[in-house]
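Structure, as structure tokens:
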Amino acid sequence: MNVEEFQLYCVTKKAVSEEFPFDEVTMVFKVMGKIFAICPLDEVEARVHLKCDPERAIELREQYEDIFPGWHMNKKHWNTVYLERSLPDALITKLIDHSYDLVVSGLSKRLQEEYECAE
């Protein structure tokens, strides 16, 4: 999966915004204002940071050589995933979905209600 495919997949999800809140080279995807994916665009190799259940994060890191503890992130809750190495696109989309779903499930009651009404 390349960065463009990653970006297109993320923006098709419900209530997602694409932003550059840190600088002009760090693309951030949020659902209801909460970050679920970060993609630095100035890297030699395309990589993304995705939220992950802590136990699953460890399992993924042990199983796949292209998944690492989140670089400059809370390593318990974030993984860094290399997009254009050996990981199948289907796995990457599953990891994006997992990150997105974790954030949605953690939204406050008010934001959950807004999310339900979003198109």
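Seen against the Cα atoms of the chain and their longest principal axis, helix 89-105 is set at about 40 degrees. For the options Glu65, Glu18, Glu55, a Gaussian network treatment of the chain with springs between C-alpha atoms closer than 10 Å singles out Glu55 as fluctuating the most. Loop-located chymotrypsin sites (Phe, Trp or Tyr not before Pro) across the stretch 43-104 with a Cβ neighbour count of 15 or fewer within 10 Å are Trp71, with loop assigned by DSSP. Summary value for the chain: 24 percent relative contact order, contacts being C-alpha pairs under 8 angstrom separated by 6+ residues. The count of lysine pairs in the stretch 3-117 with alpha-carbon distances below 15 Å, taking only pairs 8 or more places apart or on different chains, stands at 11. For Trp71 and Lys14, the difference between the fully extended length at 0.36 nm per residue and the C-alpha to C-alpha distance is 17.9 nm. Label-to-label distance for Val44 and Ala118 is 3.7 nm, based on points extended 7 Å past Cα in the beta-carbon direction.
In the stretch 58-108, Cα pairs under 8 Å separated by at least six residues give a relative contact order of 23 percent. Matching the structure-derived Cα extents along the principal axes in Å against the labelled list (1) 39, 32, 26; (2) 66, 30, 20; (3) 46, 34, 27 gives the label (1). Dividing the summed -39500 (n - 2.57) terms of all DSSP H runs of n ≥ 4 by the residue count of the chain sets its mean residue ellipticity at 222 nm at -11500 deg cm²/dmol. Amide H contacts under 5 Å for Trp78: Cys52, Gly70, restricted to partners 5 or more places along the chain or on a different chain, H placed in the peptide plane at 1.01 Å from N. Hey, what angle do you get for helix 54-63 against the long axis of the chain, alpha-carbon based, 0 to 90 degrees rounded to 10? Taking the Cα atoms of the chain, the angle to 54-63 is about 30 degrees.
All of the numbers you see were taken from the coordinates with simple rules; none came from a lab. Values in this document were obtained by computation on a predicted structure and should not be read as measured data. When we count neighbours, we look across all protein chains shown, and the Cβ atoms used for this are built from the backbone with ideal geometry, even at glycine.
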